[in-house]
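Asker: What follows is a single structure, and I will ask about it in a moment.
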Amino acid sequence: MHPSVHAAATPAKPALIMAASGEPVTFEMLEDRSNRTAHLLRSLGLVRGDVIALLLDNRPEFFDLVWGAHRCGLYYVCISTQLLPAEIEFILQDCGAKVLFAAPGLDGKVADVARANAVDLFSVAGKTGRDYLAEREAMPATRIADESAGNDMLYSSGTTGRPKGIKPPLPDGPLAVPNGLTRLGESAYGMGPDTVFLSPAPLYHAAPLRWCMAVQMLGGTVVVMDKFDPEAALAAIERYGVTHAQWVPTHFVRMLKLPDEVRARYDCSTLRNVFHAAAPCPVEVKQAMIAWWGPIVHEFYGGTEANGLTNIGPQDWLRKPGSVGLPMWGTPKICDEDGNELPAGQTGTIYFADGQPFEYHNDPEKTAASRNAHGWTTIGDVGWLDEDGFLYLTDRKSYMIISGGVNIYPQEIENQLLLHPEVADAAVIGAPDPDLGERVVAVVQPADPDAAGPELAERITAFLRTKVGRIKVPRQVDFDPALPRTPTGKLMKRLVRDRYWPDRDGNPLGLSGGGKA
């Protein structure tokens, strides 16, 4: 249950393959590099409980660093490469990182930030800061004498505000012990040493990082894409004989929108089980994926906080379409605004009882707000439980629109919009309205940018009238050539919503070039 075990048993087996180049890193190489990294980190004076930060794109060194930090008992903070220097600075200050490892092209971007905050900057194959590769190779390849397990300390994507650092406790005991994901991978997804796992998303996000490390703990091989491309993902499945993969619904939508002849070009028969998370998946999209790949599509629900997790297999989902399943750890509870538990079938805030403890670093108010009087924890999602205990997601609480006194959850409307053939992407938000308080606005990224305008807006509105209730049909349809999403597929809805609400001077920002329905 640790790469070092597999380095001894199967040293020549690839622990990692970069999908585009085919570059392998064997378990023996990973063991050598992570040991040298651990010695380097100790030489910098880092001890158990200290923090390092990584600003890296998807590259082999990512695993050298996280496994090196993990065997030192350190927290490793993985920072999005999409952030601005000021945003990176906030995270560095908040987490208290003593060392920052940055990729080429990013090292120069943060040199001033690192210097101003007395953070030791290492460049991975770059020219700014200390040379990580050179200093690592000067270290011994033996294991450090005081190994202990570290942990990730990841920051929320900031889709609804400033990123929050989630700091779990450090594990006790030896390195080679199973965790929640390895148990889920084995029991629900049939993972093991013969697993070939495709990871199409950035490693600085929670699920890709944690699943890749779990697969390597199990002795499987991780295939990492530099960045997601729908056809390249299918090509990687065929080329490497991928058996398992983790996706987000946006990946499914983009693969399904490939021409039929492109989808038919690639052999995906090696796939045994795939799973998706990160955002609710439209029922019709998941049905189309099962029709394409067969009943191998699983789903799990949980947050970076890992306070609870549910899972549903394809057979259960076909009986209960739209559900995210039964609990794997933590017990889901649906509560009203006062924290009282609601009966089955009623919608409320999702809490987990008996889940993993967590705290928002340096933010006791947010930590306290995530608990109710029972001590149950929430990450702000809304949903309901059926009579059999299966959980269904409705939306994020912060995304709810109150129009004319009626609560409207945008996710249902967005799911239908994504099924329209002329829609590439969509966001639904509430905009200020003098009569209703908020009006429902759809912001659409058209498949053909030249088609944006009143006629397409009317076609979209007519389509929605047949799919959702009258109160949910957007009163306004605007167009955006590229909606802001994180590389893992999460919609940065806050950025879209902010365009419609007054700035500090009272001026609405709005969108240009749109059409109203």
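The values are calculated or read from the model by the stated rules, or taken from the named source; none is laboratory data. Since this is a predicted model, take the numbers as computed values, not measurements. Because the Cβ atoms are built from the backbone with ideal geometry, glycine has one as well, and the counts that use them run over all protein chains shown. The area values use the complete protein model at the heavy-atom level, side chains included, leaving out ligands, DNA and RNA. Shrake-Rupley method; radii C 1.70, N 1.55, O 1.52, S 1.80 Å.
Asker: If we count GluC sites (Glu not before Pro) as exposed when they sit in a DSSP loop and have at most 12 other beta carbons within 10 Å, what is the longest stretch of the chain that avoids them all?
Answerer: 1-336
Asker: Apply the Karplus parameterisation 6.51 cos²θ - 1.76 cosθ + 1.60, with θ equal to phi minus 60°, to every residue of segment 494-499 and state each ³J(HN,Hα) to the nearest whole Hz, in sequence, with x for glycine and proline.
Answerer: 4, 5, 5, 4, 4, 5
Asker: Below 13 angstrom from the Cβ of M289, what's the summed charge of the other residues (Lys, Arg +1; Asp, Glu -1)?
Answerer: Overall, the nearby charge balance is +2.
Asker: Continuing with this model, one more query. Can you tell me the relative contact order of segment 319-406? Whole percent, Cα pairs under 8 Å, sequence separation 6 or more.
Answerer: Rounded, it is 31 percent for segment 319-406.
Asker: Can you compute the modelled spin-label distance between K366 and L133, with each label point 7 Å from Cα toward Cβ, in nm?
Answerer: Those two pseudo-labels are separated by 3.6 nm.
Asker: Taking θ = phi - 60°, what integer Hz values does the Karplus form 6.51 cos²θ - 1.76 cosθ + 1.60 yield along segment 214-221, in sequence order, with x for Gly and Pro?
Answerer: These are the phi-based 3J(HN,Hα) values: 5, 4, 5, 4, 7, x, x, 10 Hz.
Asker: Can you tell me what percent of all Cα-Cα pairs in segment 112-205 are more than 19 Å apart?
Answerer: Summing the P(r) of segment 112-205 above 19 Å gives 71 percent of all pairs.
Asker: Take every DSSP beta bridge whose two residues both sit in the chain, then give the antiparallel share in percent to the nearest 5.
Answerer: Here the antiparallel bridges make up roughly 55 percent for the chain.
Asker: Continuing with the same structure: Give the carbon-plus-sulfur fraction of the accessible surface of segment 87-206 in %, rounded to a whole number; probe 1.4 Å, heavy atoms of protein chains only.
Answerer: That share works out to 52 percent.
Asker: Taking 7 Å along the Cα-to-C-beta vector as the label spot, tell me the R263-R143 distance in nanometres, rounded to one decimal.
Answerer: That separation, rounded to one decimal, is 4.8 nm.
Asker: Something else now. Quick one: if you stick a label point 7 Å off each Cα along the C-beta vector at S43 and A482, how many nm between them?
Answerer: So the label points at S43 and A482 sit 4.1 nm apart.
Asker: Kindly express, to the nearest 10 degrees and within the range 0 to 90, the angle between helix 180-189's C-alpha long axis and the longest C-alpha principal axis of the chain.
Answerer: 70 degrees
Asker: For the chain, what does the accessible surface come to per residue with a 1.4 Å probe? Please give it in Å².
Answerer: With the other protein chains kept in place, the chain gives 40 Å² per residue.
Asker: To continue, here is another question. In whole Å, how far is the Cα centre of segment 11-57 from that of segment 157-212?
Answerer: The two parts, judged by their Cα centres, are 16 Å apart.
Asker: Of the heavy-atom accessible surface of segment 375-503 (probe 1.4 angstrom), what whole percent is carbon and sulfur?
Answerer: 51 percent
Asker: In deg cm²/dmol, rounded to 500, what helix-only [θ] at 222 nm does the chain give when every DSSP H run of at least 4 residues adds -39500 (n - 2.57) and the total is split over its residues?
Answerer: Calculated at 222 nm, the ellipticity per residue is -8000 deg cm²/dmol.
Asker: Per-residue HN-Hα couplings for segment 21-34, Karplus 6.51 cos²θ - 1.76 cosθ + 1.60 at θ = phi - 60°, whole Hz, x for Gly and Pro?
Answerer: 8, x, 5, x, 10, 6, 4, 5, 5, 5, 4, 4, 5, 6
Asker: About the Cα centre of segment 206-274, what is the dipole size in debye to 20, counting +1 per Lys and Arg Cβ and -1 per Asp and Glu Cβ, all else neutral?
Answerer: Dipole about the Cα centre, nearest 20: 220 debye.
Asker: Mind listing the long-range amide H neighbours of L54? Cut-off is under 5 Å, sequence gap 5 or more, other chains count too, H placed in the peptide plane at 1.01 Å from N.
Answerer: V77, C78, I79, F101
Asker: Determine, from the Cβ-Cβ distance of I471 and A291 and an R0 of 30 Å, the FRET efficiency 1/(1 + (r/R0)^6), rounded to the nearest 0.05.
Answerer: 0.40
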